[in-house]
Amino acid sequence: MSDLGDHSVNEGKSGFDSTRIAEVKAWLVSQFEYVGKDVPEFEYTPTSISHLHSLATISQAKTQAAGIVASDLRQKAMEYRSQAARIREILQSVGLAQEALPPNAVTSVQVVANVANLLNIRDTEMSSFLVAMADISLRKSGVEEKRANVQKESKVLLDYTRKAIARLTYLKRTLGQLEDDVATCEGQMNHWKTNLTIMLSKERQYLQQFSNYKALLNRVGYTSDISHGELVEMDEHRKELEKKTKPIMDTLRSYQDLPPDKALAALAIEEKRRQYAAAEKYLEEVLHSALATSE
């Protein structure tokens with residue numbers, strides 16, 4: 001074994017506790033001597049000394065506790081051996097020694113002793129067996145009740161599992177159908193997209209036409225307040241004006257058959273223009289009067 005004195009410890013510089021170091025060295029020597037080995041060389045540092053001292057303290061406490069328990073067990077063993085010797089003498093005095101008993105009786109006694117050990121009872125009295133059997137019956141009832149609860153929960157979980165499997169199968173089948181319908185839906189969506197583009201273009205076109213018609217109606221003085229009766233009255237005035245302008249138009253058409261006399265043609269055209277202007281002025285007056293009446 002290596003000499004522990006070779007491990008130099010500078011207590012002045014490191015500030016080690018000499019008492020702790022001595023306790024650690026003694027504990028290490030005792031432990032390694034117990035297994036027949038030498039203490040390995042290592043450097044003593046504050047950290048190592050602290051850890052080793054803690055281990056030594058715990059080890060010594062556990063060793064002391066184990067010694068107390070072992071001493072108590074040895075004392076009990078001595079008492080049990082003494083009691084066994086006394087019982088053996090009593091049995092021999094009454095002729096019930098193990099050698100004098102028949103094999104069947106010895107076997108029965110061993111069975112009773114084994115049952116007592118199995119039931120963890122100290123004696124073989126009937127009351128002890130009855131109490132132990134009652135305790136086992138209670139524990140058995142508790143185990144059976146727990147088992148029934150577990151079986152019930154297992155059935156519920158099995159039912160849930162079956163429903164979950166059925167639901168999963170349905171979802172997988174639905175997913176497959178949806179995946180098969182993807183191509184058809186994509187084609188239909190593209191068709192709808194094309195139609196939507198066309199409809200948006202038509203919408204813009206119709207909005208522009210609506211705006212143009214609205215501006216045209218505003219220019220001619222039409223408003224939303226004009227009723228159907230007023231429109232009918234204005235249409236009658238228009239027809240009356242057409243009747244008045246029709247002879248003029250017929251006269252103008254008759255001038256197409258006249259010889260090309262520029263002077264006469266110019267006078268006739270100027271006359272017809274005045275008549276046409278008068279007719280238009282009359283039509284405007286009628287329209288304005290109808291609008292003023294509606295307001």
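Computed values, structure above
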| read-out | value |
| --- | --- |
| Residue match in the range 119-142 (condition: part of a helix (DSSP H, G or I) and either among the basic types (Lys, Arg) or under 30 Å from Gln31 (Cβ atoms) (or both)) | yes |
| First in the range 100-117 and at pLDDT below 85, second anywhere and surrounded by 12 or more Cβ atoms within 10 Å (Cβ to Cβ) and assigned to a helix (DSSP H, G or I), Cβ under 6 Å, 6 or more apart | none |
| Any chance Lys193 is of a type in the set (Lys, Arg), at pLDDT below 90 and at negative phi | no |
| Options Tyr80, Tyr44: the member that is free of Cβ contacts under 8 Å to residues at least 12 places away in the same chain and among the aromatic types (Phe, Trp, Tyr) | Tyr80 |
| Filter result for the condition that a residue is more than 46 Å from the chain's Cα centre (by Cα) and open to solvent by 80 Å² or more (accessible area, probe 1.4 Å), over Lys152, Lys193, Lys214 | Lys214 |
| Qualifying position, being open to solvent by 60 Å² or more (accessible area, probe 1.4 Å), among the acidic types (Asp, Glu) and at pLDDT below 80, among Glu79, Glu11, Glu33 | Glu11 |
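Rundown of residues vs (1) of a type in the set (S, T, N, Q); (2) farther than 30 Å from Leu28 by Cβ; (3) part of a helix (DSSP H, G or I), yes/no style:
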| residue | (1), (2), (3) |
| --- | --- |
| Ile49 | no, no, yes |
| Gln60 | yes, no, yes |
| Leu91 | no, yes, yes |
| Leu101 | no, yes, no |
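The values are calculated or read from the model by the stated rules, or taken from the named source; none is laboratory data. What you see is a predicted model; the values in this text were computed from it and never measured. Note that each Cβ is placed from the backbone with ideal geometry, even for glycine, and that neighbours are counted across all protein chains shown. Only protein heavy atoms, including side chains, enter the accessible area calculation; ligands, DNA and RNA are left aside. Shrake-Rupley method; radii C 1.70, N 1.55, O 1.52, S 1.80 Å.
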